[in-house]
Amino acid sequence: GQQVQQSPASLVLQEGENAELQCNFSTSLNSMQWFYQRPEGSLVSLFYNPSGTKQSGRLTSTTVIKERRSSLHISSSQITDSGTYLCAMERMGSALGRLHFGAGTQLIVIP
Amino acid sequence: EAAVTQSPRSKVAVTGGKVTLSCHQTNNHDYMYWYRQDTGHGLRLIHYSYVADSTEKGDIPDGYKASRPSQENFSLILELASLSQTAVYFCASRVGAETLYFGSGTRLTVL
């Protein structure tokens, strides 16, 4: 079954609104990461966040390993935030770098 | 800034033909990975490598071979391309337990 579940699958925001994206894991994890996929397809790493909370500008990632979940908070959304947000986990006991990705949350920010 | 370069950017292949996707990194990273992404889905790991001249199977290796002739170069080979291998392919590199750096992707269409 699906090891990484992301929600919501898609989201439409008005510019300036906040968003909370969720990632849930079905197995114990070593670490997890968040990526942003631009509309044209390229991938950018947002956070490597094995546990706790990390912030970068308007983005905040929180991982709670015991609860097998991670979230990405986007504050004051901008049109340029549009794209797909992917989370990926590294399973406990698996070889380094064997990431399992969720299907992504497609975000559309409108004026 | 880490650099991972993939070639070609896109390719159209015929069913049963041989396809080679190339990846070059200038990051001096030990770990390299090949992922595929199907429309509307997350990424899935095909093959990976920890060191030159050695490759490992990922989660979906059937129908693919990999080659790592040097630390900088990692190729993905489809000996007999099939329709089901139409997808976008991403190469990535990593050092230790840190974030992945992705190439821009190769869009492969098998007809």
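The values are calculated or read from the model by the stated rules, or taken from the named source; none is laboratory data. Bear in mind the structure is a predicted one, so any value in this text is a computation, not a measurement. So basically every Cβ, Gly included, is an ideal-geometry build from the backbone, and we count neighbours across all protein chains shown.
Among the residues of the range A:5-59, which ones are without any contact (Cβ under 8 Å) to a residue 12 or more places away in the chain and either in a loop (DSSP other than H, G, I, E, B) or on the phi < 0 side of the Ramachandran plot (or both)? Within the range A:5-59, A:E40, A:G41, A:S42, A:V44, A:T53, A:K54, A:Q55, A:S56, A:G57 meet the criteria. The lone criterion from (1) assigned to a strand (DSSP E or B); (2) away from every other protein chain (no Cβ under 14 Å); (3) small (G, A, S) left unmet by A:S76 is number (1). Among the candidates A:L86, A:L99, the residue that is within 12 Å of another protein chain (Cβ to nearest Cβ) and over 19 Å from A:A19 (Cβ atoms) is uniquely A:L99. Residues that are part of a strand (DSSP E or B), within 11 Å of the chain's Cα centre (by Cα) and not aliphatic (A, V, I, L, M) were ranked within the range A:79-105; the one that is modelled with the lowest pLDDT is A:F101.
The residues in the range A:29-67 that are among the hydroxyl-bearing types (S, T, Y) and in contact with a helix residue (DSSP H, G or I) (Cβ under 9 Å, 6 or more places away or on another chain) can be counted, and the count is 3. Checked against (1) among the polar types (S, T, N, Q); (2) assigned to a strand (DSSP E or B); (3) more than 12 Å from the chain's Cα centre (by Cα), A:S71 passes all but condition (3).
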